[in-house]
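Everything below concerns the one structure shown next.
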Amino acid sequence: MYQFLDPPVKRKEKRLIWAATRSILENVGFSHKRSGKKSRSHWNFFLRLLKIFAFLLKITGYYQKGYGNAKTIRVNELSLKFPNLPDAFNGFRILHLSDLHIDSIPGFVSLIIDKIKDLEFDICLMTGDYRRDISGSFSHILKPVQSLSKYIQAPFGTFAVLGNHDTYLMAQYEEESGIELLINESVEIIRDGQKILITGTDDPFNFFTEPAALCLETRGYDFKIALVHTSELARLASANRYDLYLCGHTHGGQICLQEGMPLISHQFEGKQYNHGLWKIGSLAGYTSRGAGVSGIPVRFNCSAEITVINLLK
């Protein structure tokens, strides 16, 4: 079972304030960073460059290969040991989904479902970017997300945070999607009387606000998990004694010169955070390569992934 730290009335009040703030940030067309830096989005210019790149791939015959790679999703299973993990959670399995961009490839949701339908997991955690574009309509992804939701309902809940491609308006569809959003808030996961804490923040890549940092200032739990779209808040999570940090955003580069060497990663914290496992002190972090694609529907030397993490004592 699970329960939110804040009572329903307080959650509703905080959600209203967040929605008002995020709506303004989405409409002004600037990226807002924790450092205070504010800059205009260059997404449209980036898309124009990608169109040129896609044209070159097509005339050289590589586009179809890259498209086939993008439709090939691997299930990556790993086990992580934590000496402070409560005994009741030994063997607790997390399904981690990130960067679905579910409308980038026709019928893509069926490929994801095919990969997860036989997996066993106790909880599903999602780290943002559910649509292709960074603005405009999202109604066309609602049915695919609902189809997927049937296969990711877990005994201890299905929780998600928003990414920089997502909009605050998606929050109004929580109930029908069957997916609980964590927006600068925490939830207790309770098993056999013992608890762990999961904290989810709003996207810090384009839409950072101070509540995203403040919500990580939690106390009183033996084991804590942070869900953030990017690795940008990892040091803050480590300072607040979080044990596991799950994120995505980079797609592992999506297009790499060779495995682990992306042309572009869209993150600035360091190459160690591009994909896979990393550490900050006692904090273990994992950056997913993502299941979907961004920009153009191709992958090279960087496989799409769905991750199952087994927590061990």
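The values are calculated or read from the model by the stated rules, or taken from the named source; none is laboratory data. Because the structure is a prediction, the values reported are computed rather than measured. Positions of Cβ are generated from backbone atoms using ideal geometry, with glycine treated the same way; all protein chains shown enter the neighbour counts.
Summary table below
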{"quantity": "Residue ID - nearest to Asp103 (Cα to Cα), chosen from residues in the stretch 267-290 that are touching a Gly at 6+ places or on another chain (Cβ under 9 Å) and in a loop (DSSP other than H, G, I, E, B)", "calculated": "Gly290"}
{"quantity": "Selected residue (criterion: nearest to Asp122 (Cα to Cα)) from residues of the stretch 154-190 that are surrounded by fewer than 19 Cβ atoms within 10 Å (Cβ to Cβ) and among the hydrophobic types (A, V, I, L, M, F, W, C)", "calculated": "Ala154"}
{"quantity": "Pair list, Cβ < 9 Å and 6+ apart or interchain, from the stretch 9-27 residues that are within 15 Å of Thr201 (Cβ to Cβ) and free of Cβ contacts under 8 Å to residues at least 12 places away in the same chain to residues that are part of a helix (DSSP H, G or I) and of a type in the set (A, V, I, L, M)", "calculated": "none"}
{"quantity": "Residues that are touching a residue at least 40 places away in the same chain (Cβ under 8 Å), assigned to a helix (DSSP H, G or I) and under 22 Å from Phe138 (Cα atoms), drawn from the stretch 171-217", "calculated": "Ala171"}
{"quantity": "Test result for Arg235, basic (Lys, Arg), without any contact (Cβ under 8 Å) to a residue 12 or more places away in the chain and more than 30 Å from Tyr63 (Cα to Cα)", "calculated": "no"}
{"quantity": "Residues satisfying the stated conditions in the stretch 63-88, i.e. in contact with a strand residue (DSSP E or B) (Cβ under 9 Å, 6 or more places away or on another chain) and among the small types (Gly, Ala, Ser)", "calculated": "Gly66, Ala70, Ser79, Ala88"}
{"quantity": "Within the stretch 196-254, considering residues that are of a type in the set (Lys, Arg) and at pLDDT 95 or above, the one nearest to Thr158 (Cα to Cα)", "calculated": "Lys224"}
{"quantity": "Top-ranked residue in the stretch 49-81 [being part of a helix (DSSP H, G or I) and polar (S, T, N, Q); ranked as surrounded by the most Cβ atoms within 10 Å (Cβ to Cβ)]", "calculated": "Asn69"}
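Quick grid of which residues meet (1) out of contact with any strand residue (DSSP E or B) (no Cβ under 8 Å at 6 or more places or on another chain); (2) buried (at least 21 other Cβ atoms within 10 Å of the Cβ); (3) touching a residue at least 60 places away in the same chain (Cβ under 8 Å):
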{"site": "Leu97", "(1), (2), (3)": "no, yes, yes"}
{"site": "His101", "(1), (2), (3)": "yes, yes, yes"}
{"site": "Gly107", "(1), (2), (3)": "yes, no, no"}
{"site": "Ser110", "(1), (2), (3)": "yes, no, no"}
{"site": "Gly128", "(1), (2), (3)": "no, yes, yes"}
{"site": "Ser139", "(1), (2), (3)": "yes, no, no"}
{"site": "Leu142", "(1), (2), (3)": "yes, no, no"}
{"site": "Gln146", "(1), (2), (3)": "yes, no, no"}
